[in-house]
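Chemist: Here it is, the structure, as structure tokens.
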Amino acid sequence: MSEAARVSNPPDSLDARWDALLKRIVVEPDTHARWLNTLALMEHIGSRKMMKALDSETLDEVMLRHVAEETRHAYIFKRLSQRVAPGLCPTFAEPNLFEGEAARAYFQGLDRGVHDWVRENVEPERQALVSYLSVTQLIEQRASQIYPRYEAILQQAGQGLSLRPVIAEEARHLAEMDEAFERIGFHWRRCEKPLSNREAPLFEAWTGRLEDALFA
Ligand SMILES: [Fe+2]
Ligand SMILES: [Fe+2]
């Protein structure tokens, strides 16, 4: 490994920790099926939140496509789960998930943390929209960090599974979020730090729970 690579990716970096988690998950079919089903649940929760947050008065083609794609991502992860272990995870009931409670806690904590920050920092008439966009943006950023690493590990594992269609759409969603912030005149870059600071400990807690479940 080059010096530059070592500095940018120390052994205990979040990326390296997720590589270790995912490498372990993909070699245990039952765990892997539950994990894929948990990601299906996360995509499903995301699409449900979007549907609730979006106002039909302002809902346009781009937003509708985004919701449709998140719903489809839930289906894609469910299909992958079924391919890994047919019939093991028919629903999102707790026994069909891998550390499902930790995944839900991440999403709920993020929602609460962002709403609290927005309530104190954004004018009332824009709070609902800014909250929705900010939660979505933070999750899209995590998806863009983790899914490509997961894809690389899946390809190394040679099981014929791929997240490529999901990754391409998540990348476009990030670009669309930038445009949406611009449209409503909200300076995401200026607010990114305090909002990311609320997300980071929640993601760390989720990561830790997965490590405890797999390595403790
Ligand atoms: Fe998605
Ligand atoms: Fe997305």
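The values are calculated or read from the model by the stated rules, or taken from the named source; none is laboratory data. Everything numeric here is computed off the predicted structure, so don't read it as measured data. Here the Cβ positions follow ideal geometry from the backbone for every residue, glycine too, while neighbour counts run over all protein chains shown.
Chemist: Would a scan of segment 147-166 turn up a residue that is hydroxyl-bearing (S, T, Y) and within 21 Å of A102 (Cα to Cα)?
Modeler: Checking segment 147-166: at least one residue is hydroxyl-bearing (S, T, Y) and within 21 Å of A102 (Cα to Cα).
Chemist: For residues that are surrounded by fewer than 19 Cβ atoms within 10 Å (Cβ to Cβ) and under 20 Å from L210 (Cβ atoms), tally how many sit in segment 30-80.
Modeler: Count: 3.
Chemist: Before we move on, is R83 within 16 Å of ligand 1 (Cβ to nearest atom), surrounded by fewer than 17 Cβ atoms within 10 Å (Cβ to Cβ), modelled with pLDDT of 95 or more and part of a helix (DSSP H, G or I)?
Modeler: It is false that R83 is within 16 Å of ligand 1 (Cβ to nearest atom), surrounded by fewer than 17 Cβ atoms within 10 Å (Cβ to Cβ), modelled with pLDDT of 95 or more and part of a helix (DSSP H, G or I).
Chemist: Regarding segment 102-124, can at least one residue be identified that is in a helix (DSSP H, G or I), within 16 Å of ligand 1 (Cβ to nearest atom) and of a type outside the set (A, V, I, L, M)?
Modeler: Checking segment 102-124: at least one residue is in a helix (DSSP H, G or I), within 16 Å of ligand 1 (Cβ to nearest atom) and of a type outside the set (A, V, I, L, M).
Chemist: Inside segment 167-180, can you point out the residues that are acidic (D, E), farther than 15 Å from Y150 by Cα and either at pLDDT 95 or above or within 14 Å of ligand 1 (Cβ to nearest atom) (or both)?
Modeler: Answer for segment 167-180, where residues must be acidic (D, E), farther than 15 Å from Y150 by Cα and either at pLDDT 95 or above or within 14 Å of ligand 1 (Cβ to nearest atom) (or both): E169, E176.
Chemist: Could you list, in sequence order, the residues of segment 17-75 that are within 20 Å of L138 (Cβ to Cβ) and among the acidic types (D, E)?
Modeler: E43, E69, E70
Chemist: Just checking, how many residues over segment 125-166 are among the polar types (S, T, N, Q), more than 12 Å from ligand 2 (Cβ to nearest atom), under 22 Å from V67 (Cβ atoms) and modelled with pLDDT of 95 or more?
Modeler: 1
Chemist: Could you check segment 180-191 and list, in sequence order, the residues that are in a helix (DSSP H, G or I) and either in contact (Cβ under 8 Å) with a residue 24 or more places away in the chain or touching a Cys at 6+ places or on another chain (Cβ under 7 Å) (or both)?
Modeler: A180, F181, I184, W188, C191
Chemist: Further, regarding this structure: Could you run through segment 139-167 and say how many residues are surrounded by fewer than 16 Cβ atoms within 10 Å (Cβ to Cβ) and not in a helix (DSSP H, G or I)?
Modeler: Final tally of qualifying residues: 4.
Chemist: Then there's this: Pairs under 7 Å by beta carbon, first residue free of Cβ contacts under 8 Å to residues at least 60 places away in the same chain and aromatic (F, W, Y) in segment 80-100, partner surrounded by fewer than 17 Cβ atoms within 10 Å (Cβ to Cβ) and assigned to a helix (DSSP H, G or I), six or more apart or different chains?
Modeler: none
Chemist: Go over the candidates D55, D116, D60 one by one and state the one that is of a type in the set (D, E, K, R) and within 28 Å of N197 (Cβ to Cβ). Walk me through it before giving the result.
Modeler: Details: D55 fails: within 28 Å of N197 (Cβ to Cβ); D60 fails: within 28 Å of N197 (Cβ to Cβ).
After ruling out the rest, the residue left standing is D116.
Chemist: For segment 87-109, state whether one or more residues are modelled with pLDDT of 95 or more, under 25 Å from L59 (Cα atoms) and either within 15 Å of the chain's Cα centre (by Cα) or buried (at least 17 other Cβ atoms within 10 Å of the Cβ) (or both).
Modeler: Yes: segment 87-109 contains one or more residues that are modelled with pLDDT of 95 or more, under 25 Å from L59 (Cα atoms) and either within 15 Å of the chain's Cα centre (by Cα) or buried (at least 17 other Cβ atoms within 10 Å of the Cβ) (or both).
Chemist: Are there any pairs with C-beta distances below 8 angstrom linking a residue in segment 58-74 that is under 15 Å from E43 (Cα atoms) and of a type in the set (A, V, I, L, M, F, W, C) to a residue that is assigned to a loop (DSSP other than H, G, I, E, B) and more than 10 Å from ligand 2 (Cβ to nearest atom), with the two at least 6 apart or on different chains, and if so which?
Modeler: Matching pairs, first to second residue: V67/L54.
Chemist: Would you please name the residue that is nearest to ligand 2 (Cβ to nearest atom), looking only at residues in segment 169-178 that are surrounded by 11 or more Cβ atoms within 10 Å (Cβ to Cβ) and without any contact (Cβ under 8 Å) to a residue 12 or more places away in the chain? Spell out how you get there, then give the answer.
Modeler: Pass one, segment 169-178, residues surrounded by 11 or more Cβ atoms within 10 Å (Cβ to Cβ): 169-174, 176-178.
Okay, now just the ones that are also without any contact (Cβ under 8 Å) to a residue 12 or more places away in the chain, so 172, 178.
Working: R172: 8, D178: 13 Å.
Restricting to residues being surrounded by 11 or more Cβ atoms within 10 Å (Cβ to Cβ) and without any contact (Cβ under 8 Å) to a residue 12 or more places away in the chain, the top hit is R172.
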